[in-house]
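Please read the structure below before turning to the comments.
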Amino acid sequence: MGSSLKAVILCFLILSVITKPTKSDAEPDCAGVSADLHVCAGFIRNPIGPPPSACCDALRRIESAEATLGIPKTCQCIKSCDADHLDDQLDANVWASLLVGCGNINLGFDLSTNDVC
């Protein structure tokens with residue numbers, strides 16, 4: 001095998017390793033949604049009064065992320081975060097008051113117990 005062919009193969013191998021998509025590039029995960037939802041934890045646990053502005057900003061970030069994640073994945077992320085970290089306190093009523101209290105944010109799904117993401 002000639003040295004120029006070896007060099008081409010080596011370059012191809014290096015490029016294939018460098019440009020290989022990472023898991024986060026290929027498949028969005030719930031980390032960002034979970035982090036944003038945690039900002040609302042105080043309101044979720046004690047939903048009295050309007051949601052804090054930081055919580056509303058976090059919900060707007062989730063709304064923006066939904067364009068990349070899609071509605072089913074965003075819904076699954078929120079339900080998973082609620083089950084894993086918020087003791088299943090985010091019910092349909094609290095969710096509705098969050099969305100309305102933050103200016104009628106629309107994420108395209110309900111969080112009722114019967115809702116399948």
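The values are calculated or read from the model by the stated rules, or taken from the named source; none is laboratory data. Since this is a predicted model, take the numbers as computed values, not measurements. So basically every Cβ, Gly included, is an ideal-geometry build from the backbone, and we count neighbours across all protein chains shown.
Look through 42, 2 and report the one residue that is within 28 Å of residue 93 (Cα to Cα) and either modelled with pLDDT of 80 or more or of a type outside the set (Ser, Thr, Tyr) (or both).
Just a single option satisfies the conditions, and that option is 42.
Just need a number here: residues in region 66-94 that are part of a helix (DSSP H, G or I) and surrounded by fewer than 18 Cβ atoms within 10 Å (Cβ to Cβ).
Adding up the residues that qualify gives 11.
Conditions first: (1) in contact (Cβ under 8 Å) with a residue 24 or more places away in the chain; (2) surrounded by fewer than 20 Cβ atoms within 10 Å (Cβ to Cβ); (3) in a helix (DSSP H, G or I). Residue 103 passes all but one, so which condition is the exception?
Unmet condition: (3).
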